[in-house]
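Take a look at the structure set out below.
Derivation of every value follows stated rules applied to the coordinates shown; laboratory data play no part. Here the structure is a predicted model, which is why all the values come from computation and not from measurement. Using ideal geometry, Cβ is built from the backbone for each residue, glycine included, and neighbour counts are taken over all protein chains shown.
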Amino acid sequence: MLNIFVGLLACCHAANQSVVFAQAGSSPNNVADCDGVAQVTKTLEDGSSEQEPADGGNLRLPLDGQDGRELLLREFKPQSKLRVNSNQRTGAKFPVVDIHTHFHFRLRDNQQALDDFVAVMDRNQIAVCASLDGKLGEQLQQHQRFLWSKYRDRFVIFANVDWQGDGAKDDPGSWQCHRPGFADRVAQQLETAVQTGVSGLKIFKRFGLAYKNPDRSLIKIDDRRWDPIWKKCGQLGIPVIIHAADPAAFFDPVDATNERWEELSRHPEWSFHGDAFPSRDELLADRNRVIARHPETQFIGAHVANNSEDLTTVASWLDRYPNLWIEPASRIGELGRQPYTTRDFLIKYADRVLFGTDGPWPETRVRLYWRFLETRDEYFPYSEKVPPPQGLWQIYGVDLPDDVLKKIYHQNAAKLIPGIDSRVKKFSKRSITK
C-alpha cells in the first residue's frame, strides 16, 4: 500500500539551509525543493520513503504565494495602498554638514564618482562632508590628495588608528597596539595630522568586537592603555566619533522573533549573538566610561550612540555626559518608526545633535533624510532599496522647526569640528551670489 504525503518546503536561510515545512491540510501535498521543484514523498509499507516529481518530472510549482502556495520571505514585497500627502524634497532647507561619510571606503579613489557626488552635494545644499576614512601617515596623505586637490572647501577629514600595523593578522601578539609606547606614538601622529588639517578621529566598531589582545581575548574599549589617545584629542580640540556595538537586534538570537532576521539572513557576519562577543550593554558601558573619564574631550556617539531603539536611555546619557554628541547616520529607519518620541527628543536635545548619513549614498536616499526631518509625511521608505536594508517597515516625518533644523544641519558642527565653520560660510556666500 502506498501513502502519499505532501509538504511545502521553503529554503529560508541560504547560509545554513534551514527549512520550513508547511502542511496543506489533509489533501495530497506538493513538496517544493529549494529550487521550487514540486515533489511527492512516498512512504512505502516497509517504512522507507522516496521522492519523485509530482507529475513524473514535468511539474514545477513556484513558491510564489499564489493559489495557496507558500511564499519565500525574500520574495515578499508588499506595495502600500495608502494615499496620503507626499512632500518630496529635492534639497535640504538650509546648508548641511554631513559629519558621517566614508569617501575612501565607498569611492575607492574614483575621481569621477567624487565629481558626481559633489554635484549631488550642490543640488541638495550639502555644504561640507566629513570623510571618516582618513587613516594616518601615507594613507592619510593619499586621502587628502583625493578629496582636497579639487574640493578642499567641501570636505574635512578624520583620522583613524591602525591597531594592527605591520603585525600578522592571525597573531594579535605581534600587532603594534601591544608594543610599548603605542598610544603615545598615536597621540604624536594625531598632532602631526592636525597640523595638516585633520579635524577629528574616527573609531570603528571592530574596536571592541574584533581587535584582540595577545591572549586572543577582545580588546576592551575602556582599556586605560588607550587613554593618551583620548586625552590628546581633547588637547588638540578635535572630536572623537566612536562606533561602539551595533543595533540591538544584532545581539539577539537570529530566530523567528528577531525583527531584523531578513537582514541578518543576508549578512550573518553582522550577528554578534553568543559567547564569542561581549554583550551590547557591556560595549556601550565601556564606551561611556571612556567618555566620563575624559570630560575635556568631545565624543560623538555614531548612529544615535548606537541606541536609536531606546531614546530614553540616550537622553539619560546626554544628561549625564556634557561632552557627548550624537548623529543619525543610517538610523532614520529606527527614528522614523517612533516619530513622536523622536521629534520630542530632537527638539529637546537640539544643541547636541549633528547630521550624518553614512554615505555617500544615491541621491534618492539622501533626499529621504530631508523628507524625514522636514515634513509630516506618513509611511514612506527610508531607503531606495527593495526590500529595505534595515528592517521591513516604513517611516514617518518629524517636521522639525527651522531653528532646530539649522542647529542639526550645520550650526552644531560648526561649533564642534575644526574647519567646518569657514567652509559653511564660503558655501553660503557662494550660494547667495549664484
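Just a few scattered comments:
- The range 257-329 - Rg over Rh from alpha carbon coordinates, Kirkwood radius: 1.03
- Compactness of the range 384-434, expressed as Rg and Dmax over alpha-carbon positions, Å: 16.3, 44
- Entries in Lys205/Lys426; Lys81/Lys407; Lys169/Lys202 that, when Cα-Cα distance is taken, lie over 27 Å: Lys205/Lys426; Lys81/Lys407
- Built amide H within the under 5 Å cut-off of Ile395, gap 5+: Tyr379, Phe380, Tyr382
- Of the Cα atoms belonging to the range 67-132, the radius of gyration and Dmax stand at 19.0, 53 Å.
- Whole-Å semi-axes of the range 67-198's equivalent ellipsoid (Cα gyration tensor): 39, 26, 13
- The chain: relative contact order in percent, alpha carbon pairs under 8 Å with at least 6 residues between: 15 percent
- Taking the fewest neighbouring Cβ atoms within 10 Å as the starting point, the ordered list for Tyr151, Tyr349 is Tyr151, Tyr349.
- Per-residue Cβ neighbour rank within 10 angstrom, fewest leading, Val366, Val118, Val254, Val128: Val118, Val254, Val366, Val128
- Helices meeting the span-like rule in the chain (full DSSP H runs, Cα extent of at least 24 Å along the helix axis, mean Kyte-Doolittle score of 0.5 or higher) are absent.
- Computed P(r) (all Cα pairs; the range 195-327; 10 Å bins; percent): 12, 40, 33, 14, 2, 0
- Fewest-first ranking of Asp403, Asp246, using other Cβ atoms within 10 Å as the exposure measure: Asp403, Asp246
- Computed over the range 327-428, Cα set: Rg, Dmax in Å: 13.9, 41
- Alpha-carbon centroids, the range 128-193 and the range 299-317: separation in whole Å: 26 Å
- Quotient of the Cα radius of gyration of the chain and 2.2 N^0.38 Å, N being its number of residues: 1.16.
- Calculated [θ] (222 nm, deg cm²/dmol) that DSSP helices of n ≥ 4 give over the chain, each run adding -39,500 (n - 2.57): -9500 deg cm²/dmol
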